[in-house]
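Taken together, the values in this text are just the output of simple stated rules run on the coordinates, not laboratory data. Small disclaimer: the values here were computed from a predicted structure and weren't measured. Glycine also receives a Cβ, built like all others from the backbone with ideal geometry; neighbour counts cover every protein chain displayed.
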Amino acid sequence: MQLKRRLTEIRAAIGELRSNGGTIALVPTMGALHAGHISLVERACEVADHVVASIFVNPTQFGEGEDFDSYPRTEEEDAAKLEAAGCDLVWAPTPDEVYPDGFSTSIAVTGVSEGLCGAARPGHFDGVATVVAKLFNQILPDYALFGEKDYQQLALIRRMARDLDFQIEIIGVPTMRETDGLAMSSRNMYLTADERGRAVALRNALRSAADAIIGGAAVGETLGAAQASLIDAGFALVDYVELRDADTLDPVDRLERPARLLAAARIGQTRLIDNIAVNPA
Ligand code: PAF
C-alpha cells in the first residue's frame with residue numbers, strides 16, 4: 001500500500017491503478033479510524049477492484065470553538081489498519097493541496113443540509129460538500145462509501161453527486177456499534193468512563209421511540225419523551241430528536257413511508273449523533 005501527499009503523486013498512482021483495468025472505490029475519512037471505517041473499506045473491497053482511502057482533517061467543516069485542533073490525528077496506526085483491510089492507496093494530502101492560496105470556492109447543498117446538524121453547526125455541511133467534491137475530482141472514483149452514522153451527510157453527498165453529475169455511485173454503509181449499542185465514532189474517545197457508561201442512552205432512546213412510532217404512538221409526543229429521557233440519563237443538552245423522510249429528510253409527523261429517526265445530544269464536552277431506520281409496519 002502506498003501513501004501519497006501531493007496531487008501529482010496521487011494522480012500518477014491512480015493512473016497506474018487504472019492502467020491495470022478495473023474499478024476504483026474511494027473511502028473518505030478524517031483518520032482516527034475505528035471498526036466503522038474499516039467496515040467501509042471492507043465493503044469497498046467487495047464492490048471495486050481497487051480501494052483508495054483518504055485521510056484529511058478538513059478545517060472548513062469545523063466551526064469556531066469546535067474540536068479541529070484537538071481532533072485525534074493517528075496517521076501511522078490508521079495506515080496500518082487500512083493496509084490490513086486491503087486498501088491499495090492512501091491519499092493524505094497536505095492542507096495546501098486541498099486549499100491552495102486564494103482558495104475561494106464553496107459548495108452549498110440546500111434542503112437536505114438545513115436543520116438537524118446543519119442548524120447546530122452553521123457552515124459545517126458547506127465544508128463537507130466542498131472537500132468531498134474536491135476528493136471526487138482528485139481521485140475520480142467509480143464508487144464512494146460513507147457511513148450511515150452521518151445520515152444527513154450521506155443524504156447531502158447523494159444530492160450533490162446527482163446535482164453536479166459526478167459519475168460516482170454513492171454507497172451508504174450501516175453504522176457499526178459497540179457491544180452495548182453505542183454507535184462507533186472517533187469522538188467516543190473524548191468520553192470519560194462515566195459519560196461512556198451513560199452514552200448508550202442515545203441509542204436506547206432512539207430504539208424505544210422508533211418502536212413506539214412503529215406501534216402507532218403520536219410522533220410529536222414520542223420525540224418529546226425521547227428528549228426528556230436523554231436529559232434524565234445525564235445528557236447536558238439535546239440538539240434535536242427528529243423524525244425525517246429517509247430520502248428527502250423532510251420532517252415527518254405520520255409514519256407512512258420509510259423514515260429515519262435522528263438525534264444529536266451533548267454529554268459533558270462531547271456531542272454525539274445517531275440515527276435509526278423507522279419503517280411502517
Ligand atoms: O465523515 C467524515 O469523516 C468527513 O465528514 C468526510 C466525509 C471525510 C469529509 O471530511
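A few notes on this one:
- Rounded to whole Å, the principal axis extents of the Cα atoms in the range 49-194 read 42, 38, 31, largest first.
- Footprinting exposure proxy for His34, His124 (fewest neighbouring C-beta atoms within 10 Å first): His34, His124
- Reachable lysines from Lys134, criterion Cα separation under 21 angstrom, eight or more residues apart if same chain: Lys4
- For the range 155-281, the equivalent ellipsoid built from the Cα gyration tensor has semi-axes of 25, 21, 12 Å, listed from largest to smallest.
- Taking the charge dipole of the range 160-281 about its Cα centre, with +1 at Lys and Arg Cβ atoms and -1 at Asp and Glu Cβ atoms, the residue from Ile214, Ala233, Leu202 reaching farthest to the positive side is Ala233.
- Dipole of the chain [Lys/Arg +1, Asp/Glu -1 at C-beta], most positive-end residue of Leu261, Ile168, Thr8: Leu261
- Multiplying the residue separation of Thr248 and Glu9 by 0.36 nm and subtracting their alpha-carbon distance yields 82.2 nm.
- Listed residues Ala44, Gly86, Gly63: farthest to the positive end of the dipole of the range 34-108 (Cβ charges): Ala44
- Projecting label points 7 angstrom from Cα along Cα→Cβ for Asp163 and Asp211 puts them 3.9 nm apart.
- Multiplying the residue separation of Thr192 and Glu75 by 0.36 nm and removing their Cα-Cα distance gives an extension gain of 39.8 nm.
- Pairwise FRET efficiency - Ala228 versus Asp101, Cβ, R0 = 35 Å, nearest 0.05: 0.10
- The range 233-281: trypsin sites (Lys or Arg not before Pro) in DSSP loop, at most 14 other beta carbons within 10 Å: Arg254
- Three principal axis extents describe the C-alpha atoms of the chain; from largest down they are 57, 39, 38 Å.
- By the count of other C-beta atoms within 10 Å, a proxy for reagent exposure, Met160, Met30 are ordered fewest to most as Met30, Met160.
- Ranked list, fewest to most other Cβ atoms within 10 Å of each Cβ, for Glu242, Glu75: Glu75, Glu242
- The tail of the calculated P(r) for the range 219-279, taken as Cα-Cα distances beyond 20 Å, holds 26 percent of the pairs.
- The range 1-81 shape via C-alpha gyration tensor axes, a/c threshold 1.5: prolate
- Taking 0.36 nm per residue of separation and subtracting the Cα-Cα distance, full extension of the segment from Thr23 to Glu114 would add 29.4 nm.
- P(r) histogram, all alpha-carbon pairs of the range 63-125 included - 5 Å bins from 0, percent: 4, 12, 13, 15, 19, 18, 15, 4
- Per residue, the average separation of C-alpha pairs within less than 8 Å and at least 6 apart gives the chain a relative contact order of 17 percent.
- Rounded to the nearest 20 debye, dipole of the chain from Cβ charges on Lys, Arg, Asp, Glu: 180 debye
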